[in-house]
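Each reported figure results from applying straightforward, stated rules to the coordinates on display, with no laboratory input. Note that the coordinates shown come from a computational prediction; the quantities given were computed from them, not determined experimentally. Reconstructed Cβ throughout: ideal geometry from the backbone, glycine too, with neighbour counts over all protein chains shown.
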Amino acid sequence: MKEQKLQTEEYYKEYLEILLKKYNKVILNRHEMSEELGISPSTLDNRIKRGRGIPKYKKSADTSRATYIFPIVEVAKFMVEDLI
């Protein structure tokens, strides 16, 4: 169990480093997030509405014109947990 936790932490650090190098920032927008998940932005919107199958995110406002941002630390956690 301890070995699996260490392996998970290594995957997390590697994926986080990949995201940092790829985007050169710590927050992904909706289009970048959909690209990382390999889905369309409209599918991402559906997942946001359902609240499943996406990493933790922040919403800019409670209006129909709100934007969503995805911290890369949450993206990396989500992607690694999805692998294991």
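Some observations on this one:
- Length gained when the stretch Thr63-Val26 is fully extended (0.36 nm per residue, less Cα-Cα span): 10.9 nm
- Against the chain, whose longest principal axis is taken from its Cα atoms, helix 2-23 shows a tilt of about 50°.
- Partners of Lys22 within straight-line reach, counting lysines whose Cα lies under 30 Å from its Cα and excluding those fewer than 8 residues away in the same chain: Lys5, Lys13, Lys49, Lys56, Lys58, Lys59, Lys77.
- The chain: angle of helix 72-83 to the longest principal axis, Cα-based, in degrees nearest 10: 60
- Spacing of the two label points (7 Å from each Cα toward its C-beta) at Lys5 and Asp82, in nm: 2.5
- Distance (nanometres) between label positions extended 7 Å along Cα→Cβ at Glu14 and Asp45: 3.6
- Seen against the Cα atoms of the chain and their longest principal axis, helix 41-50 is set at about 90 degrees.
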